[in-house]
């Protein structure tokens, strides 16, 4: 008597991966996510591998997870995957303070972010129709 599985919220040609509470501000993470949107999965991995930003390694792990989900869970062709969506959301913010002169306080905020990467299998027919 288990409950029924929830229906998939993505089409059959898509797979996604989600990372919660990444220790970086959403603004910085969105710059890296923006650089891979719309790229082929292979090109996106190369872009993240050689990116100089620290957070690019975490984004690369999430992208690799999405590719693995597409291959193993949904039997999609890895060579035809495209990063359809890469979006960032706000998570919690740790608030700290440092003591300053004359009894004042310097506020420190340590933001966290959520990252979602959706990969889609790109059909050959669709690319021919656009051309």
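Taking the stated definitions as given, is residue 60 out of contact with any helix residue (DSSP H, G or I) (no Cβ under 9 Å at 6 or more places or on another chain), surrounded by 12 or more Cβ atoms within 10 Å (Cβ to Cβ) and within 23 Å of residue 33 (Cα to Cα)? Against the criterion (out of contact with any helix residue (DSSP H, G or I) (no Cβ under 9 Å at 6 or more places or on another chain), surrounded by 12 or more Cβ atoms within 10 Å (Cβ to Cβ) and within 23 Å of residue 33 (Cα to Cα)), residue 60 does not qualify. Of all positions in region 80-93, none carries a residue that is in contact (Cβ under 8 Å) with a residue 40 or more places away in the chain and out of contact with any strand residue (DSSP E or B) (no Cβ under 9 Å at 6 or more places or on another chain).
Does residue 127 satisfy being modelled with pLDDT of 95 or more and either farther than 15 Å from residue 15 by Cβ or part of a helix (DSSP H, G or I) (or both)? It is false that residue 127 is modelled with pLDDT of 95 or more and either farther than 15 Å from residue 15 by Cβ or part of a helix (DSSP H, G or I) (or both).
Looking only at region 17-41, residues that are part of a helix (DSSP H, G or I) and surrounded by 13 or more Cβ atoms within 10 Å (Cβ to Cβ) come to 10 in all.
Scoring residue 88 on the criteria (1) touching a helix residue (DSSP H, G or I) at 6+ places or on another chain (Cβ under 7 Å); (2) under 28 Å from residue 124 (Cβ atoms); (3) in a strand (DSSP E or B) leaves a single failure, condition (2).
The values are calculated or read from the model by the stated rules, or taken from the named source; none is laboratory data. Every value quoted in this text rests on a predicted model; they were computed, and no experiment measured them. Cβ sites come from the backbone with ideal geometry, for glycine too, and all protein chains shown count toward neighbours.
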